[in-house]
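Data first, discussion second: the structure below is written as structure tokens.
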Amino acid sequence: MKGRVVKSTGSWYELEEEIDKYRVKARLRGIFKIANLKVTNPVAVGDWVTFEKERSGTGEYEILEIHPRENYIIRKSTHKTAHDHLIASNIDQVLILFTLSMPRTSVGFLDRALVTAEAYRIPTIIGFNKCDIYNESQKEKVKEIIQVYRKIGYPCYFISALENIGTSDIKDCLKDHVTLIMGHSGVGKSTLMNTLYPGLDLKTSEVSKFAEKGTHTTTFAEMFALDEDTYIIDTPGIKELGISEIKEGELSHYFPEMRAMIGKCRFHNCRHLNEPDCAVIDAVKSGEIEYFRYESYISIITGEDNRK
Ligand SMILES: Nc1nc2c(ncn2[C@@H]2O[C@H](COP(=O)(O)OP(=O)(O)O)[C@@H](O)[C@H]2O)c(=O)[nH]1
Ligand SMILES: [Mg+2]
Ligand SMILES: [Zn+2]
């Protein structure tokens, strides 16, 4: 039988069978080693697997095989170990939620999430949430940020998940896709899903709980069926996003406005740091490339700041 992993606890998995969509709990048979991928979790939400009932007849199902992944999003381990964490796989698009306050999202975090999605050519949309609580100057600030990302080509929506403002366009975007929703705890991911699909009734949490920067809790993503062909993967607890698997020379390819300048620098292997006749640095100076985007590029290259 073939099914998709919709939930993972680390020791067992919930699967949705491909055709009849019934759900079963399953465990891994034996130990899975995945070539070239050092991860703490061998199976991710979104994985297609072959499964069967265990022979001894305990009623438990077993995963026999993980099908090749079309793509996946990985998070670098926060503890500087060699292992990364698979967030989800086989996704059609990413929705990143951003807020200016309660809790603040840094543009650095947003850019890291965008780079991660670009590296796998996964289309991304950005929701700027909690528009209902901003004062006039904050509204201006969000609008400026939105302009930057729209210019680069990312669809942006200024919304309130709580008050159900501007959310219908996002609902249209989600339709018939598998969407991974990313953003800090408290940004409004569960609230948005509840607003779009009231039947879901997901738990939401008071923002005050996120103010205390406590210990890092590892939680797993979970996939929700919104209708027959519409799925969303909720990712609790992404506080920081280390970039994995991206080589220094490739990084500018994942900034669309820098990608547009490929071949224009004097050196073909220009890193756009301090090389002469660098088209990227020229564009930053002229304002064509936004300075804070270039700062994100530098911080990823230098490996600094990856906790934001
Ligand atoms: N004012 C306001 N509060 C919101 C909005 N969206 C979510 N919240 C609140 O933010 C808190 C965290 O929301 P939640 O959906 O649990 O965030 P998640 O951790 O990203 O799933 C809750 O108290 C929500 O009521 C919004 O658009 N406006
Ligand atoms: Mg949530
Ligand atoms: Zn350059």
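The values are calculated or read from the model by the stated rules, or taken from the named source; none is laboratory data. In this text the structure is predicted, and so the values were computed from the model without any measurement. When we count neighbours, we look across all protein chains shown, and the Cβ atoms used for this are built from the backbone with ideal geometry, even at glycine. These area figures cover heavy atoms from the full protein model, side chains too; ligands, DNA and RNA do not enter into them. Shrake-Rupley method; radii C 1.70, N 1.55, O 1.52, S 1.80 Å.
Contact annotation: residue pairs with Cβ atoms under 7 Å, 6 or more positions apart or on different chains, pairing a residue in the stretch 178-200 that is within 7 Å of ligand 1 (Cβ to nearest atom) with a partner that is outside any helix (DSSP H, G or I) and acidic (Asp, Glu), are Lys189/Asp234; Ser190/Asp234. Are any residues in the stretch 113-144 open to solvent by less than 10 Å² (accessible area, probe 1.4 Å), free of Cβ contacts under 8 Å to residues at least 60 places away in the same chain and either more than 22 Å from Gln93 (Cβ to Cβ) or part of a helix (DSSP H, G or I) (or both), and if so, which ones? Result: Ala117, Val142.
The condition of being among the hydroxyl-bearing types (Ser, Thr, Tyr), more than 24 Å from Thr179 (Cα to Cα), at pLDDT 90 or above and not assigned by TED's automatic domain parsing to the domain that holds Thr230 holds for Tyr61.
Being open to solvent by 20 Å² or more (accessible area, probe 1.4 Å), under 20 Å from the mean Cα position of the chain (by Cα), over 20 Å from His177 (Cα atoms) and touching a residue at least 24 places away in the same chain (Cβ under 8 Å) is a description that applies to Pro103. Taking the stretch 246-308 as the region of interest, the helices (runs of 4 or more DSSP H) fully inside it that hold 1 or more residues being hydroxyl-bearing (Ser, Thr, Tyr), open to solvent by less than 40 Å² (accessible area, probe 1.4 Å) and free of Cβ contacts under 8 Å to residues at least 24 places away in the same chain are 291-302. Within the stretch 151-201, the residues that satisfy the criterion of being surrounded by 18 or more Cβ atoms within 10 Å (Cβ to Cβ), part of a strand (DSSP E or B) and in contact with an Asp or Glu (Cβ under 8 Å, 6 or more places away or on another chain) are Tyr157, Ser160, Val178, Thr179, Ile181.
In summary, Phe210 fulfils each of the numbered conditions (1) modelled with pLDDT under 90; (2) away from ligand 1 (no atom under 16 Å from the Cβ); (3) not in a loop (DSSP other than H, G, I, E, B) with the single exception of condition (2).
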